Amino acid sequence: MDLVIFGAQAIALGAYKALHNLFPSRNIRCFLVTEGGNNAKYLSGIPVLELASFSKSLSKEDQENIEILIATPEDIMPAIETSLDEQGLVCHVRLTSERFNELQSFNSIYDKRFMPVSALPVGYHKASLQVFMARFYKDKELINNYSIPDWITPIQVGASLCNKRVANLLDSEGENISYKNINYSELTALFWIWKNRITGDWSENRNEYFGLCHYRRILNLSDDDILRLADNGVDVVLPFPMPYEPDIEEHHKRYLKNGDWNSLLIALQELQPKYAAKFKDILKQQYLYNYNIMIAKKHVMADYCEWLFPILYRVEEISSPKGVDRADRYIGYMSETLTTLYFMVNEQLNIVHAGCKFLV
């Protein structure tokens, strides 16, 4: 039975790469999309086809010998299933975020697999951990009800920009950049964590690990995974990186202007020349750490923030228009690439990965 992957973005490409690594003889006929639009015509040499024209080309026998793996964000899967059924393609299955994350552990970069935290032995020492979940007053309501772990604390981002409250903890309290949320997005919470829980009066905080997640996306850690952190000397837990073709530089051109990229390169050359020298190579590979989500040891998080925010401030100064004169999250997008740059350069850190659970 031939396999067809529905989707043509990072989830679909990541699924293809993992399946091809695991089952190289399995025939993956094509990628499917509802409409071509801005999607690539090919991914890894496999054609990307529109659903309607693809289904018309099939005989009854072909329809019965095709299995479709739906590799898209989970919130749009029900509509895709309806469209497939209407076209007579009834043999389909969802690639849930849990199954997708299992597959990602079989992908690699520079011949190095992305180590899952679940591969480590379970320890005895339960790490003290506090992860902050960024909430915004315009967040859409979730369809399903979820209970979040007790080590996750909601924090409202951009709290200084509105009167509505969606969390008890606000990023406008203490030392903050809450007013920059339009450009920085969830990074205003990261700044708050750095200045109000890791350094300053809170520098004696007993938590070993701090982290950031979103109201729709959390790192999917089990109780055993928490026991794996301290006793295995884990420095950082990152979501499995997502692949993009032909590379992550081309991917970000969808969201950022050339001038923004130039501003970022100038800032790196001025402030972090060692990283600037490696920036081009990082941009020309396929894997990106999305979402500005992570969990890190206290000192690692502090070092990362001390490196990151001066670069972003400098980008604001030299970008045109400047951050205060624009209403897009270009700084948040840049930070995803900088996260990738920082942690791929700092290979001495003990970096492991966890699945990113999408809440719908």
Based on what the data block shows, is Tyr330 touching a residue at least 12 places away in the same chain (Cβ under 8 Å), within 19 Å of the chain's Cα centre (by Cα), open to solvent by 60 Å² or more (accessible area, probe 1.4 Å) and within 18 Å of Glu186 (Cα to Cα)? no
Kindly list, by first and then second residue, each pair from a residue in the range 129-144 that is loosely packed, with under 15 Cβ neighbours inside 10 Å to a residue that is assigned to a loop (DSSP other than H, G, I, E, B) and at pLDDT 95 or above, limited to pairs with Cβ atoms under 8 Å and residues at least 6 apart or on different chains. Asp139/Val166
Filter pass, Asp281 being part of a helix (DSSP H, G or I), within 23 Å of Asp235 (Cα to Cα) and open to solvent by 10 Å² or more (accessible area, probe 1.4 Å): no
On the basis of being modelled with pLDDT of 95 or more, open to solvent by 20 Å² or more (accessible area, probe 1.4 Å) and closer than 19 Å to Met334 by Cβ, does Ser185 make the cut? yes
Of everything in the range 150-171 that's part of a loop (DSSP other than H, G, I, E, B) and out of contact with any strand residue (DSSP E or B) (no Cβ under 8 Å at 6 or more places or on another chain), which residue is surrounded by the fewest Cβ atoms within 10 Å (Cβ to Cβ)? Asn163
Select from the range 249-267 the residues that are touching a Ser or Thr at 6+ places or on another chain (Cβ under 7 Å) and open to solvent by less than 20 Å² (accessible area, probe 1.4 Å) and write down the one among them that is farthest from Tyr289 (Cα to Cα). Ser263
Only one residue in Asn38, Asn27 is loosely packed, with under 13 Cβ neighbours inside 10 Å and touching an Asp or Glu at 6+ places or on another chain (Cβ under 8 Å). Which one? Asn27
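The values are calculated or read from the model by the stated rules, or taken from the named source; none is laboratory data. Computed from a predicted structure; not experimentally measured. Cβ atoms come from the backbone with ideal geometry, glycine included; neighbour counts cover every protein chain shown. Accessible surface areas use protein heavy atoms only, side chains included; no ligands, DNA or RNA. Shrake-Rupley method; radii C 1.70, N 1.55, O 1.52, S 1.80 Å.
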